[in-house]
């Protein structure tokens, strides 16, 4: 069975669950519908094989107080489905829906609330919160989702464990954490799920080589899943202001087979739930090298309730470069110490020694500001850059080009 590496969020990982004799592979996954013929835009109810329209699916999701969407983090089509689900449920149940995100960590909850309240702008949020939770390059995938939540007053819960606790769990067993982390773990953690272990061991079979990485991976995954379930449970039981509906968006492996967040949340708050997973049915040739062969064990668990057939596309081709090497400048701005030949910067007339003080009308105080403003562009966009040169300001016009790295 072909599956991707963990590095790309286990993209397209197809699960197998035990079932009737003679049913294996995708037949077990969906005994009444051959997943190999699923088309883009088709939605299949895995337990019955019934194809459903988008509107039928949305009506079905309305019946559940907890809705999980298991995503591939770098697939734009997955994020389109997530936004569609959140929009529909928010419009159907005004003021009842909250959003829970794996990508945000619990220590940043107050900052998330400030952002949603309009007390923090996008650049500050990305620099001080998102980048420290999930990494700056992922922001474009989630920007529309967070903007929708802010504009429609949808509460957002930072579900995941803090970085410091994650590092401690990577280096120590749960019962041997440093004293400063005493009491930091969720209560009643289940660290002995046999299906979760079988799943992880299958992924890393032949790659662990006695390193113990499977155990480390399981500890971190368990920490994440238990923390996210614990955070969601607290949100749903927070009294009169608690949301009556929660949409949880997380990597597919945190909801697949239900042994991640769903089982652990249900253990705490037994509310009905449904699992929807976008399923990539077309993999670009350029992405096939990310796949690996994995023989998953037969698990007596339902992989998901619904698959929604999607294509695959990331935003790598949308990234641009300016083509400058920089350092911080005294008094603000960013000093250019080198210009890449034939780059957008060179074409605009930017020179070594210039201090960039403004991009597209936005003040540049430091390196992050420059990276952020340049990153808002796509290949072919035009913009303005104001530089100080020999005590004078010059406004230069830039045409951006695609590149793997910026600025």
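Below is a table of values for the structure above.
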quantity	calculated
Selection from region 255-289 of residues that are closer than 26 Å to residue 93 by Cα and either crowded, with 24+ Cβ neighbours inside 10 Å or touching a strand residue (DSSP E or B) at 6+ places or on another chain (Cβ under 6 Å) (or both)	255, 261, 262, 264, 265, 271, 273, 274, 275, 276, 277, 278
Checklist (1) within 13 Å of residue 336 (Cβ to Cβ); (2) part of a helix (DSSP H, G or I) applied to residue 396, failing item	(2)
Qualifying position, being in a loop (DSSP other than H, G, I, E, B), crowded, with 20+ Cβ neighbours inside 10 Å and either within 21 Å of the chain's Cα centre (by Cα) or in contact (Cβ under 8 Å) with a residue 12 or more places away in the chain (or both), among 313, 304	304
Matching residues, region 125-136, being crowded, with 16+ Cβ neighbours inside 10 Å and free of Cβ contacts under 8 Å to residues at least 12 places away in the same chain	131
Residue satisfying condition, being under 26 Å from residue 95 (Cα atoms), over 14 Å from the mean Cα position of the chain (by Cα), in the same structural domain as residue 88 (by TED's automatic domain parsing) and surrounded by 15 or more Cβ atoms within 10 Å (Cβ to Cβ), within set 149, 158	149
Residues (assigned to a strand (DSSP E or B) and over 17 Å from residue 335 (Cα atoms)) located in region 368-393	382, 383
Filter result for residue 353 (in contact (Cβ under 8 Å) with a residue 12 or more places away in the chain, on the phi > 0 side of the Ramachandran plot and touching a helix residue (DSSP H, G or I) at 6+ places or on another chain (Cβ under 8 Å))	no
Count - residues of region 46-73 that are more than 20 Å from residue 250 (Cα to Cα) and without any contact (Cβ under 8 Å) to a residue 40 or more places away in the chain	9
Verdict on residue 358 being in contact with a strand residue (DSSP E or B) (Cβ under 9 Å, 6 or more places away or on another chain), within 22 Å of residue 402 (Cα to Cα) and in a loop (DSSP other than H, G, I, E, B)	no
Hits in region 237-252 - residues which are in contact with a helix residue (DSSP H, G or I) (Cβ under 8 Å, 6 or more places away or on another chain) and either within 16 Å of residue 154 (Cβ to Cβ) or not assigned by TED's automatic domain parsing to the domain that holds residue 99 (or both)	242, 243, 245, 246, 247, 248, 249
Residue satisfying condition, being farther than 25 Å from residue 260 by Cβ and in a helix (DSSP H, G or I), within set 107, 140	140
Options 366, 331; residue that is within 25 Å of residue 128 (Cβ to Cβ) and free of Cβ contacts under 8 Å to residues at least 12 places away in the same chain	331
Any hit, region 185-199, residues being in the same structural domain as residue 273 (by TED's automatic domain parsing), more than 27 Å from residue 67 (Cα to Cα), surrounded by fewer than 17 Cβ atoms within 10 Å (Cβ to Cβ) and in contact with a helix residue (DSSP H, G or I) (Cβ under 7 Å, 6 or more places away or on another chain)	no
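The values are calculated or read from the model by the stated rules, or taken from the named source; none is laboratory data. Computed from a prediction, not measured in an experiment: that's the story for all the values here. Neighbour counts run over all protein chains shown; Cβ positions are idealised from the backbone, glycine included.
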